[in-house]
Structures are given as structure tokens and as C-alpha cells.
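Working notes for the structure below.
The values are calculated or read from the model by the stated rules, or taken from the named source; none is laboratory data. Computed from a prediction, not measured in an experiment: that's the story for all the values here. Here Cβ is always computed from backbone atoms with ideal geometry, including for glycine, and neighbour counts include all displayed protein chains. Accessible surface areas use protein heavy atoms only, side chains included; no ligands, DNA or RNA. Shrake-Rupley method; radii C 1.70, N 1.55, O 1.52, S 1.80 Å.
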Amino acid sequence: MKTLSALLVAFAVTAQAAERQVHSFERIQLTDRYYSEGINAADVDGDGRMDAIHGPFWFAGPDFKEKKLIYQAAPQNREGYANNFFSWPYDFNKDGLVDVLTAGFPGTPAFVYQNPGRKGHEAPWPKHQVFDWVSNESPHFTNLVGDAVPELVCTRDGRFGYVSVNPANGLEPWNFHPISERIAPEKFGHGLGVGDVSGDGRLDVLMKDGWFEQPEDLTRGLWTLHKASFAQRGGAEMFACDVDGDGDSDVITSLAAHEYGLAWHEQTPQGFTEHLIMGDRPGLNRYGVFFSELHSVQLADMDGDGLKDIVTGKTYWSHHKKSHGWDDGAVVYWFKLVRGKDGVDWLPMKADGDSGIGRQLVIHDINGDKNPDILAGGMKGAHILIHHVKNVSEAEWQTAQPKRLEMNETPPVTGKPAPIGETTGRVPDALEGETIAANVKVSAGTAKTQDMRNFTGSRWSGGAQLFWSGGRSGDSLDLGLMVPADGSYTLETVFTRAPDFAIVQLSLDGRDLGPPLDLYQFAKVTTTGVLEHLLGPLTAGTHSLVVRITGTNPNAVQSRLVGLDYVRLIKSE
């Protein structure tokens with residue numbers, strides 16, 4: 001008979017082995033057409049299996065191959081926006097059937113599509129306008145005030161508030177209850193949340209500039225606004241939850257719907273302290289992960305450890321080509337919350353690389369295996385990411401874990417000062433970047449002249465430079481270099497350094513001239529000084545002098561810009 005200690009050891013070993021699990025996601029595409037920014041899940045036909053709801057259709061589970069109509073709609077123009085942004089299932093008329101509440105482009109009405117039952121599923125569902133104006137791009141349909149029916153939390157006419165379902169008949173018009181003065185954008189607005197910030201057991205409403213405390217007596221009128229800076233622009237759904245396990249509610253938010261940033265704000269007696277999870281460059285995340293357009297964020301315990309994780313992704317094409325990093329990949333990630341002796345960490349786990357998300361991201365166990373799945377709709381169509389969990393060995397588990405980013409601390413190479421003439425303001429015999437900008441060849445982006453006289457960190461020959469923008473890793477700029485006569489030469493170059501500049505490789509006729517040049521410079525805009533490249537013997541004529549982008553410093557803003565002050569050939573005696 002085993003002793004108690006032996007049983008405990010065996011249990012500990014078994015528990016430790018059970019923790020070694022790898023999570024993966026299988027993408028199921030419901031449609032590749034753009035119908036809606038939203039998606040949801042419910043048992044639409046009452047067969048006991050979850051179905052997917054996306055725009056004008058519902059897709060019958062468990063294989064989601066059969067789609068049926070909710071309302072008539074053509075595929076939407078990807079150069080514009082859909083007239084359906086959000087879908088929420090609920091039985092509004094208490095007939096035992098799941099209806100669908102929709103909200104469209106901000107500033108348009110909300111409708112309930114009445115489920116006709118199985119006999120009517122071959123035709124469009126009856127449509128009921130229940131509210132005339134839903135604004136903010138992250139509305140919530142949730143039980144805000146603790147009654148029997150959920151409320152629609154949104155903005156209207158510049159006021160934050162909630163819409164209550166008609167108690168007599170949920171298909172008849174609903175009522176709006178403002179909780180703020182006119183401080184919200186009239187139509188759009190980013191960042192909206194529901195959660196108990198104060199810890200009094202009542203749900204509060206969050207927005208980018210603070211939170212509204214729900215009063216005990218809802219007849220008192222407007223709710224008290226507690227100002228806090230959660231985001232400058234606002235991003236998506238916001239949440240109040242205890243991130244660090246100290247017993248109070250912290251705030252989780254994305255920082256800019258069309259740009260970058262994900263953060264949690266620690267609640268302290270002095271207010272809220274921001275902790276950045278992910279920014280606009282690899283160096284701002286411990287694991288080098290960054291992506292833009294976080295237009296929807298959800299919380300869910302993805303791995304069953306009892307802690308809420310963050311699920312989000314890139315709302316691909318959310319502002320078309322106007323968004324920063326718009327073409328960097330339609331990714332979906334979940335960030336695992338880890339509490340340890342060194343504080344809080346968020347481990348980035350990639351769920352998918354080509355589905356992206358829309359304005360509404362839904363986490364739901366859609367196939368009944370007790371693993372939360374991810375549902376997303378948007379410009380790339382609609383997808384379900386089916387969650388699979390696999391027990392693995394310690395070695396396999398270690399391989400699957402995200403790796404800490406190794407920061408490059410090597411100081412940049414700096415050359416001697418450029419010999420700029422005091423009277424001319426130029427370097428003698430230099431090929432000025434600004435004079436050749438119109439004639440260079442770029443594989444992507446644009447090369448133009450940039451006036452540098454307002455930058456005081458350095459002095460530029462001629463007071464200007466060649467400025468290349470729009471390039472990505474692997475793209476190149478061919479300057480062309482005229483060698484006047486046969487001979488042995490040294491090439492002088494002066495580049496610009498700045499917070500958003502790239503790492504480049506200089507080459508002549510396909511031969512690399514030394515190691516890559518890191519043009520990142522924290523905070524300042526300066527030059528590299530004169531960099532010398534020994535070319536050796538060259539024949540007279542035109543040669544190919546190429547600047548190729550090879551990457552970016554992890555600390556740099558990922559704009560991959562390049563600036564060239566001048567190049568100069570020096571013939572050996």
C-alpha cells in the first residue's frame with residue numbers, strides 16, 4: 001500500500017504533467033465575402049447545437065456548412081463599410097426562440113429580427129426597429145442595471161447611456177437612459193466598457209477618459225463621472241477586472257482602434273497606473289509582438305487556469321489604407337495572464353494569421369468540447385477558430401512557449417563630422433540626396449526631397465536630404481553611381497538617424513559594403529556622420545549603388561523610413 005506522501009508526490013507529478021498542454025486553433029471559414037463587422041453564436045433552430053450568426057445569415061452547427069437567411073443583403077463594398085456591425089442573440093418576445101438584435105454603422109437604428117421558427121427559416125425574418133440611433137463602435141448588450149433583461153450600452157446624441165428593452169413587448173420601441181452630459185462623439189467614438197470599477201457590486205460604465213459610477217438609485221439622473229486617462233483615442237471594449245490579484249478592479253483597454261496599443265491600468269489608492277502590454281514596435285512588448293487596429297477586445301479564460309486572458313486581433317482594413325500598419329497581417333492573438341513573483345505578465349499566443357477580426361469579437365464554446373472558441377467577422381469574411389488542446393511532453397511545451405525578445409544593445413556606428421563648407425553650406429563634390437531624389441528607383445514607396453533646416457540635432461549638407469518612405473523589409477532604393485574614371489575609390493555616405501528609421505544594407509553592384517546600418521536613434525533626429533566604405537578598383541561608368549531595408553530596431557517605430565544626406569566618391573592617389 002502506498003504511503004500518503006507517495007500518493008501526494010504522484011498526484012503532484014500527474015498535475016504537473018496535465019499542465020503541459022499546447023493550444024492551437026483550426027480555422028473554419030463561413031464566408032469569404034464582406035457582409036458584417038460582427039458575429040455571434042446561439043442555438044437558432046432549437047436542435048441543441050450552437051449555430052453561428054453573421055450579418056444576414058446564420059450557419060447551422062455542428063459543421064456550419066449550411067447557411068440560412070435572416071434578411072436580404074448583398075456583399076458589402078470593402079472600400080466602404082457594412083450596414084451591419086453587431087449581432088446579439090436573445091429571445092425578445094419570450095416565445096422560446098432566439099431572435100437577433102443588430103446595430104449597424106454608427107448613428108443608425110437597431111433592429112430585432114424575429115425568429116419565425118423552423119417552418120419560416122427559408123424566408124427573411126420579420127424586422128422590427130427598436131431604437132433609432134446607436135453610436136460608439138464598441139456597444140455592449142449586457143445586464144447593466146441588474147434587472148431581468150440585458151441593456152444596450154452605447155451613446156446617443158453625444159451622451160453615454162443605455163437602452164432598455166420595452167418591458168411590455170421587446171419588439172416594440174425601446175427607451176434611452178442618458179448617464180452623462182454631452183461629452184461623447186455624436187456618431188463614432190472608440191472605447192466603451194462595463195464592469196464594477198468601484199467594487200460596490202454594481203456595474204459601472206467605462207470610457208477612454210474615465211468611468212461612470214452606477215448609483216444605488218437609478219432615478220437620480222446622471223451618473224457620477226470619475227475622470228481617468230485610460231486612452232488618448234480609445235480603442236474597443238473595455239473591462240474592469242482584478243488583473244494582479246490584489247482584490248480591486250483594474251482596467252483593460254486597447255489604446256487606439258486604428259493605431260497601436262494594448263494596456264492594463266492598475267488601480268491604486270492614488271489612481272490608475274498604466275502598464276503597456278503591446279505598443280507600436282517590437283521593443284515595447286517583452287516578446288516582440290505588435291500589431292495595429294485593435295478594434296475589438298474580449299476577456300476569457302482560454303486555458304482553464306481560472307484567470308481571464310485577453311483575446312484580440314487586427315481589424316484588417318478597418319480604416320482601409322489610412323490605418324497605421326494596415327497591411328501587416330490579419331492576426332488573432334490571445335494573451336495569457338500570468339501572475340508571478342515578478343508581477344504580471346501577458347504571454348502572447350498566436351491563434352491565427354489570416355482571419356483577423358471585425359468590430360465584434362466573440363468567445364464561445366461553439367462545439368461543446370469545453371474549450372472556448374473564437375468567432376470573428378469583418379472585411380476578410382467570417383471565421384470560427386476552433387480551439388484544440390493537446391497534452392505534450394515538457395520539451396514540446398517549452399518549444400511552444402513565446403520567447404522573450406533579445407534587445408540589441410550594440411551602439412550605432414558613428415562617423416566623423418561632414419566637411420560642410422561654412423559659406424556654401426554644402427560638402428564639396430558631394431552627390432546631394434535632395435538633387436537625386438527624383439531620379440532614383442525604389443521597389444516600393446516614395447523618394448522625395450525633405451527640408452532638414454528645422455532639425456537642430458545635426459547639420460545636413462545643403463540643408464536637405466533624400467527621404468524614402470513606404471518601404472518594407474526587402475525593398476530597395478537604387479541610387480545609381482557615376483564613376484568618372486578608372487581607379488581605386490572610397491565611398492563616403494551620410495545617412496539620417498531618427499526614432500522611426502530602418503536598418504539598411506548598402507551595396508555596390510550586388511556586393512555588400514560592410515554590415516547593415518541601424519538608423520534608429522532614440523528621440524533625436526541626427527546624422528550618422530561620414531561613413532567610409534573602401535570600394536577598391538572601379539571602372540568608369542554607371543554603377544548600381546543600392547540601399548536595401550533589412551529590418552528595424554526593436555525599439556524603433558516600425559515606419560521603416562530612410563534618409564540620405566549625400567554620397568561622395570574619393571579617388572585614391
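Structure data summary
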item: Checklist (1) touching a residue at least 12 places away in the same chain (Cβ under 8 Å); (2) assigned to a loop (DSSP other than H, G, I, E, B); (3) more than 26 Å from the chain's Cα centre (by Cα) applied to Tyr81, failing item; result: (3)
item: Filter pass, Lys380 being open to solvent by 40 Å² or more (accessible area, probe 1.4 Å), in contact with a Gly (Cβ under 6 Å, 6 or more places away or on another chain) and at pLDDT 95 or above; result: yes
item: Residues of region 435-469 that turn out to be in a loop (DSSP other than H, G, I, E, B), of a type in the set (Ser, Thr, Tyr) and at pLDDT 95 or above, as a count; result: 1
item: Qualifying position, being more than 15 Å from the chain's Cα centre (by Cα), assigned to a loop (DSSP other than H, G, I, E, B) and at positive phi, among Gly306, Gly325, Gly356; result: Gly306
item: Unique match (being more than 23 Å from Leu284 (Cβ to Cβ), at pLDDT 95 or above and either in contact with a Gly (Cβ under 8 Å, 6 or more places away or on another chain) or surrounded by 18 or more Cβ atoms within 10 Å (Cβ to Cβ) (or both)) among Phe176, Phe239; result: Phe176
item: Boolean, Val153 is at pLDDT 95 or above, under 26 Å from Leu299 (Cβ atoms) and either surrounded by fewer than 17 Cβ atoms within 10 Å (Cβ to Cβ) or not acidic (Asp, Glu) (or both); result: yes
item: Residue match in region 463-481 (condition: in contact with a helix residue (DSSP H, G or I) (Cβ under 6 Å, 6 or more places away or on another chain), in contact (Cβ under 8 Å) with a residue 12 or more places away in the chain and not polar (S, T, N, Q)); result: yes
item: Strands (runs of 3 or more DSSP E) contained entirely in region 201-253, each with at least 1 residues that are of a type in the set (A, V, I, L, M, F, W, C) and more than 19 Å from Gly158 (Cβ to Cβ); result: 237-241
item: Condition broken by Val504, with the remaining ones in (1) open to solvent by 40 Å² or more (accessible area, probe 1.4 Å); (2) part of a strand (DSSP E or B); (3) more than 26 Å from Ser572 (Cα to Cα); (4) aliphatic (A, V, I, L, M) satisfied; result: (1)
item: Positions within region 433-471 being at positive phi and either hydrophobic (A, V, I, L, M, F, W, C) or in contact with a strand residue (DSSP E or B) (Cβ under 6 Å, 6 or more places away or on another chain) (or both), in sequence order; result: Gly445, Gly462, Gly470
item: Test for Arg472: is it of a type in the set (D, E, K, R) and part of a loop (DSSP other than H, G, I, E, B); result: yes
item: Matching option when the condition is out of contact with any strand residue (DSSP E or B) (no Cβ under 7 Å at 6 or more places or on another chain), among the hydroxyl-bearing types (Ser, Thr, Tyr), farther than 27 Å from Val311 by Cβ and surrounded by fewer than 22 Cβ atoms within 10 Å (Cβ to Cβ), among Thr219, Thr224; result: Thr219
item: Gly487 being surrounded by fewer than 20 Cβ atoms within 10 Å (Cβ to Cβ), small (Gly, Ala, Ser) and in contact (Cβ under 8 Å) with a residue 60 or more places away in the chain; result: yes
item: Residue that is farthest from the chain's Cα centre (by Cα) [pool: residues in region 541-573 that are among the β-branched types (Val, Ile, Thr) and either closer than 21 Å to Pro484 by Cβ or modelled with pLDDT under 95 (or both)]; result: Ile570
item: Scan of region 111-146 for residues that are at positive phi and either hydrophobic (A, V, I, L, M, F, W, C) or crowded, with 21+ Cβ neighbours inside 10 Å (or both), ordered by number; result: Asn136
item: Every pair of residues 6+ apart whose Cβ atoms lie under 6 Å, when the first sits in region 149-175 and is hydroxyl-bearing (Ser, Thr, Tyr) while the second is part of a strand (DSSP E or B); result: Thr155/Ser135; Thr155/Asn136; Tyr162/Glu151; Tyr162/Val153; Tyr162/His177; Ser164/Glu151; Ser164/Asn175
item: Verdict on Gln398 being part of a strand (DSSP E or B) and of a type in the set (S, T, N, Q); result: no
item: Close pairs (9 angstrom Cβ cut-off, 6 or more residues apart or separate chains): at pLDDT 95 or above in region 396-408, open to solvent by 90 Å² or more (accessible area, probe 1.4 Å) anywhere; result: Glu396/Lys390; Trp397/Glu19; Pro402/Arg286; Pro402/Lys350
item: Residue within region 281-290 that is touching a residue at least 24 places away in the same chain (Cβ under 8 Å), open to solvent by less than 10 Å² (accessible area, probe 1.4 Å) and on the phi > 0 side of the Ramachandran plot present; result: no
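Let's see how each residue does on (1) modelled with pLDDT of 95 or more; (2) outside any loop (DSSP other than H, G, I, E, B); (3) more than 20 Å from Leu255 (Cβ to Cβ); (4) under 15 Å from the mean Cα position of the chain (by Cα):
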{"residue": "Ile310", "(1), (2), (3), (4)": "yes, yes, no, yes"}
{"residue": "Ile366", "(1), (2), (3), (4)": "yes, no, yes, no"}
{"residue": "Asp369", "(1), (2), (3), (4)": "yes, no, yes, no"}
{"residue": "Leu375", "(1), (2), (3), (4)": "yes, yes, yes, no"}
{"residue": "Ile384", "(1), (2), (3), (4)": "yes, yes, yes, no"}
{"residue": "Val389", "(1), (2), (3), (4)": "yes, yes, yes, no"}
